[in-house]
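*Asks:* Below: one structure in structure tokens.
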Amino acid sequence: SPLTITLSPLTSPLSPLTSRRAHLRSEVVVEAVQGLGFLDAVVAKGERVRAGLEALRDSGKVTDVRGVGLLNGVQFDSPEPADHVVAQSRADGLILVKVDAATVRLVPPLNVEDAEIDQAVAIIGGTL
């Protein structure tokens, strides 16, 4: 059965009419996400990201790869490689964010293509 999201007038500063429109739009989005294998594709893409990042362990600088779905982190052996990866990746067109001194977060959009995942992993690997 479809997931229903309800916006409460007590928790929303929106007018009742705007709240109803937002509610209807959210139902459409949730139905789209639940249908057509969308979530299965996101899970598969997340596994592709992690497999690519795991291969970077061969550099000797990656100590851990963790994540769920498309939210992933790469932990390095020290802050220096993390800083270098963030800076060089940005110069190469890939935006990464540090979550702590030695961990970088990779969060592609849900509609990312396999080729884009491969390119992101290649950019990160190229910086190592």
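*Asks:* Check whether at least one residue in region 64-82 is surrounded by 14 or more Cβ atoms within 10 Å (Cβ to Cβ), touching a strand residue (DSSP E or B) at 6+ places or on another chain (Cβ under 6 Å) and in a helix (DSSP H, G or I), and report yes or no.
*Replies:* Yes, because at least one residue in region 64-82 is surrounded by 14 or more Cβ atoms within 10 Å (Cβ to Cβ), touching a strand residue (DSSP E or B) at 6+ places or on another chain (Cβ under 6 Å) and in a helix (DSSP H, G or I).
*Asks:* If you don't mind, another one. Which condition does Val104 not pass, out of (1) open to solvent by less than 30 Å² (accessible area, probe 1.4 Å); (2) at pLDDT 95 or above; (3) more than 13 Å from the chain's Cα centre (by Cα), if it passes all the others?
*Replies:* Looking at each condition in turn, Val104 falls short on (3).
*Asks:* List the number of the failed condition for Val97; all other conditions in (1) of a type in the set (Val, Ile, Thr); (2) at pLDDT below 95; (3) over 15 Å from Phe76 (Cβ atoms) hold.
*Replies:* With respect to (1) of a type in the set (Val, Ile, Thr); (2) at pLDDT below 95; (3) over 15 Å from Phe76 (Cβ atoms), Val97 is out only on (3).
The values are calculated or read from the model by the stated rules, or taken from the named source; none is laboratory data. Keep in mind it's a predicted model, so treat the numbers as computed, not measured. Cβ atoms come from the backbone with ideal geometry, glycine included; neighbour counts cover every protein chain shown. What goes into the accessible areas is simple: the full protein's heavy atoms, side chains included, and nothing from ligands, DNA or RNA. Shrake-Rupley method; radii C 1.70, N 1.55, O 1.52, S 1.80 Å.
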